[in-house]
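Q: Quick one: the structure is below, questions incoming.
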Amino acid sequence: MKRIVILGSTGSIGASTLDVVSKFPDRFQVVGLAAGSNDQILEDQIRTFHPKVVALSCSDAAKRLRTRLETSLVEVLEGEPGLCDVVRFPDCDLVISAIVGGAGLKPTLSAIQAGRQVALANKEPMVMAGQLMQQEAQKHGVTIFPIDSEHSAIFQSMEGHRKVDIRRVVLTASGGPFWEWPAADLEHVTQEQALKHPNWKMGAKITIDSATLMNKGLEVIEAKWLFDLPAAQLDVVIHRESIIHSLVEYCDGSVISQLGHPDMRTPISYAMNYPERVPLHPPLLDLGKIGKLTFFPPDTEKFPCLQLAYDALAGGNGLPATLNAANEVAVHAFLHKQIAFLDIPKVIQETMSAYQTAPLSSIEEVLEVDQWARRTAEKMMKTCVTPI
Ligand SMILES: NC(=O)c1ccc[n+]([C@@H]2O[C@H](COP(=O)([O-])OP(=O)(O)OC[C@H]3O[C@@H](n4cnc5c(N)ncnc54)[C@H](OP(=O)(O)O)[C@@H]3O)[C@@H](O)[C@H]2O)c1
């Protein structure tokens, strides 16, 4: 029986994880859950999965939850310290890291420092502080298992092979809802259009990141730190159907890949059950019926966010954390109808240009850059975008 804590249990990955748990009650026990402010969904999850401890980052939501629950049912923690404490709960074997954004950095790091194995969906902390997180993981004997479907595919395609034989890794990207749109039409993209992903049902932030291709850029940086590969060995191809989840090309010309229907329960289950596989009973992958799979090179002129991520990786130091923070601010503003879709890369680029590079040697320094970049991006939104 594996005892698990889920950070971000009320979100899309959190819900899929709990779905896997409920299919295998003899394999998993939920001991802890954590989320931001959604006390209603968290209460339903508590009543179904009976964790011993939960946390909400929003103190008001935590207070509401306490007043509704019988005191003996579960311990309710609050704020960032509460999120960091949930993962330190002594009877825990695996932490599913699925908070969205940089808010997941400290709780995920806390899990690593407590020696918990980590299954990582929350890519932003890896983008901000991948090197430091991997150093901490090594120090505490922790393996970080990827949940992102692309990274799970790479992980699976590397199994049983020598890393030294890898020629390159190719991350696939769906291209999002606007791949076929003429560049000029992107000016008028609405929030509703951007929130309609062609293949995946996900949280709002990652759905917008998929539409701008920033999600792929964040994933390239995540891949660098998860697999310790240089940017020159990390390529991207647009693959509209999201059936091939990524590929690893070896020096003898062999290309190994993992395919499957786009369903996050597959990579989540693989990370949770590693090295075993359990029957999830998805529909058969009928390639004859699918007929054809399509591929295109990425268009970084129409979707500059992908190039910005490669630039951040090349710049190093605090530039990836700057890219991430500016993107979070810009996506939030777009979702709240404060800036236009095409302003997202503008805000990120201007913020990155203002960054003065300096080596980062601690998480505190990363968080300082993060805060600076958020303030700078807010300023850029007042100066470099056309008011809506
Ligand atoms: N969805 C996918 O298919 C998918 C695939 C690959 C990778 N990922 C990655 O997985 C992460 C989660 O994505 P998602 O789609 O599941 O997002 P989501 O549906 O928006 O869920 C986000 C989760 O994070 C919690 N949260 C937000 N802000 C928080 C804060 N300040 N403190 C604590 N918890 C907070 C939310 O709690 P409340 O509900 O209380 O706000 C919710 O539980 C992202 O990093 C994303 O890039 C997602």
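Q: Taking the stretch 42-62 only, how many residues are within 15 Å of the ligand (Cβ to nearest atom) and either exposed (fewer than 14 other Cβ atoms within 10 Å of the Cβ) or not in a helix (DSSP H, G or I) (or both)?
A: Adding up the residues that qualify gives 10.
Q: Let me ask something additional. For Arg162, indicate whether it is exposed (fewer than 13 other Cβ atoms within 10 Å of the Cβ) and either in the same structural domain as Lys106 (by TED's automatic domain parsing) or at pLDDT 95 or above (or both).
A: Considered against the rule, which asks whether it is exposed (fewer than 13 other Cβ atoms within 10 Å of the Cβ) and either in the same structural domain as Lys106 (by TED's automatic domain parsing) or at pLDDT 95 or above (or both), Arg162 comes out as yes.
Q: Answer with yes or no whether Glu365 is more than 16 Å from the ligand (Cβ to nearest atom) and surrounded by fewer than 15 Cβ atoms within 10 Å (Cβ to Cβ).
A: Here the answer is no, as Glu365 does not meet what is asked.
Q: Report the residue count in the stretch 264-279 for those that are in a loop (DSSP other than H, G, I, E, B) and crowded, with 17+ Cβ neighbours inside 10 Å.
A: Within the stretch 264-279, the subset in a loop (DSSP other than H, G, I, E, B) is 264, 274-279.
Then drop every residue that is not crowded, with 17+ Cβ neighbours inside 10 Å, which leaves 264, 274.
Number of matching residues: 2.
Q: In the stretch 12-34, which residues are within 12 Å of the ligand (Cβ to nearest atom), of a type in the set (Gly, Ala, Ser) and without any contact (Cβ under 8 Å) to a residue 60 or more places away in the chain? If you could, list the steps in order and put the result at the bottom.
A: Of the stretch 12-34, the ones within 12 Å of the ligand (Cβ to nearest atom) are 12-18, 33-34.
Adding the requirement that they be of a type in the set (Gly, Ala, Ser) leaves 12, 14-16, 34.
Across the stretch 12-34, the qualifying residue is only Ala15.
Q: Moving on to the next point. Looking at the stretch 1-11, is at least one residue farther than 15 Å from Ile147 by Cβ, polar (S, T, N, Q) and more than 21 Å from the chain's Cα centre (by Cα)?
A: no
Q: Sticking with this structure for a sec: Would you call Lys205 within 13 Å of the ligand (Cβ to nearest atom) and either hydroxyl-bearing (Ser, Thr, Tyr) or surrounded by fewer than 16 Cβ atoms within 10 Å (Cβ to Cβ) (or both)?
A: no
Q: Checking Ser210 against (1) assigned to a loop (DSSP other than H, G, I, E, B); (2) touching a Gly at 6+ places or on another chain (Cβ under 8 Å), which test does it fail?
A: Exception for Ser210: condition (1).
Q: I'm trying to understand the selection: among the residues of the stretch 55-94, which are β-branched (Val, Ile, Thr) and in contact (Cβ under 8 Å) with a residue 40 or more places away in the chain?
A: Val86, Val87
Q: From the list Gly14, Gly32, Gly8, which one is at positive phi and crowded, with 19+ Cβ neighbours inside 10 Å?
A: Checking each option against the conditions leaves just Gly8.
Q: What is the residue count in the stretch 88-128 for residues that are within 14 Å of the ligand (Cβ to nearest atom) and either touching a Lys or Arg at 6+ places or on another chain (Cβ under 6 Å) or closer than 21 Å to Asp209 by Cβ (or both)?
A: The qualifying residues number 23.
The values are calculated or read from the model by the stated rules, or taken from the named source; none is laboratory data. Note that the structure is predicted; figures quoted are calculated from it, not measured. A quick note on method: Cβ atoms are made from the backbone with ideal geometry, for glycine too, and the neighbour counts reach across all protein chains shown.
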